C-alpha cells in the first residue's frame, strides 16, 4: 500500500505539489492522471525517496522507501526507460541490480523472458528501440518480485501488441494482490486498465475514486434514439429543457434520462427503433474536470 499524507513540494517560489493526500491499495490497478505539469512525476519521485518533500509524508507499507536497504524487493519502479547505460547488455544491467539487492541471479532470466527480451538479452541497450527500453524498464521493476509497483508512462514507444501485453500484465499483478500505480496520459488505456483513479491538477488532488465514478462526473453522458418521428420527439424533449442533436433518424439527447425519453415517446405514441445510454468517456470527464488546472492551452499560457 502507498500512503501519501499532506505531501507538499516547493522549488523556490513554485509549489509543485500541495497538501496531497491519497491511498493506493493492493489488489487493483490505480491510474495516476493529471495535465502536464500537474506534479505527477514529482509525487512519484517523493514516494521513492528521490526527492525530499517540503512537508508531509509518503510511505510504502507504512515506511519511507528510503529506509529499505534492498529497495527492489519492496518496490519496483519504472520512471525513465532511457536512464540506462547504453554500453551494457540487458542481462548485465539486470545482473548488477540483482547483486546489489541480493536477488537470485535466476530472476534475471525469468524477467527477461517475461517481458519478451530473452532473445535480445546479450545485445547492448544502446541499440534498443524505445519500446524495447520500456520492456527493459518493466523487467527492472519486476526483478525483485515486489509487492508494490510504480510505472510512469510505461506505454511510450510500445506497439499495439506491447500495449495489450502491458495491460494484461498490470491486471495480472493486481490479481496477485500487488499494489499497481500507473501514471499515464493515454486515457483510452486507463479506461481499459485502471480500477481506481488518483487525479491531480496544479499539484492538488482533484479526485480519488473508482474509474466508473470519475467518468460519471463528466457531463458527456447522452441518450441515443432512433425514430422515424425525430422532429416530433425532438420538439417534446427540447420543451423539457433537453438538448437534442439530429443526424438523420438518430437523435443524440443530453440533459435528460433514457427513462424520460421512453416515457415521452410512449405518452405521445412515437415509435422508437432504438434507445441506448452512452456514458461519458474517461477522456471527456478528465478534460472537463481538469480544465481549470491546465498550464498550457493552445494559443495561450495560463
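The values are calculated or read from the model by the stated rules, or taken from the named source; none is laboratory data. Quick caveat, the model's predicted, so the values are computed rather than measured. Here the Cβ is made from the backbone with ideal geometry for all residues, glycine too, and neighbour counts use every protein chain on show.
Inside the range 186-219, residues that are touching a strand residue (DSSP E or B) at 6+ places or on another chain (Cβ under 8 Å), surrounded by fewer than 19 Cβ atoms within 10 Å (Cβ to Cβ) and in a loop (DSSP other than H, G, I, E, B) make up a count of 3.
Residue by residue, here is whether (1) modelled with pLDDT under 95; (2) out of contact with any helix residue (DSSP H, G or I) (no Cβ under 9 Å at 6 or more places or on another chain); (3) assigned by TED's automatic domain parsing to the domain that holds residue 144; (4) more than 25 Å from residue 40 (Cβ to Cβ) holds:
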position: 75; (1), (2), (3), (4): no, no, yes, no
position: 80; (1), (2), (3), (4): yes, no, yes, no
position: 83; (1), (2), (3), (4): yes, no, yes, no
position: 88; (1), (2), (3), (4): yes, no, yes, yes
position: 95; (1), (2), (3), (4): no, no, yes, yes
position: 109; (1), (2), (3), (4): no, no, yes, yes
position: 115; (1), (2), (3), (4): no, no, yes, no
position: 131; (1), (2), (3), (4): yes, no, yes, no
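Total residues in the range 58-77 satisfying the condition of being assigned to a loop (DSSP other than H, G, I, E, B) and under 22 Å from residue 136 (Cα atoms): the figure is 2. Within the range 153-164, the set of residues being surrounded by fewer than 21 Cβ atoms within 10 Å (Cβ to Cβ) and closer than 25 Å to residue 101 by Cβ comprises 153 only. Starting from residues that are in a loop (DSSP other than H, G, I, E, B) and free of Cβ contacts under 8 Å to residues at least 40 places away in the same chain, keep the ones in the range 109-127 and report whichever is surrounded by the fewest Cβ atoms within 10 Å (Cβ to Cβ). Among those that are in a loop (DSSP other than H, G, I, E, B) and free of Cβ contacts under 8 Å to residues at least 40 places away in the same chain, it is 122.
Only residues that are touching a helix residue (DSSP H, G or I) at 6+ places or on another chain (Cβ under 6 Å) and more than 22 Å from residue 210 (Cβ to Cβ) were counted in the range 25-73, giving 5.
Figure legend. Inter-residue proximity from the range 34-54: first residues closer than 22 Å to residue 293 by Cα, second residues in a loop (DSSP other than H, G, I, E, B), beta-carbon distance below 6 Å, spacing 6+ or different chains. Indicated pairs: 35/290; 35/294; 37/295; 39/203; 40/34; 45/51; 46/53. For residue 183, the requirement of being under 23 Å from residue 36 (Cα atoms) and in contact with a helix residue (DSSP H, G or I) (Cβ under 9 Å, 6 or more places away or on another chain) is met.
Of the residues making up the range 256-275, those that are more than 35 Å from the chain's Cα centre (by Cα) and assigned to a loop (DSSP other than H, G, I, E, B) are 268, 269, 270, 271, 272, 273.
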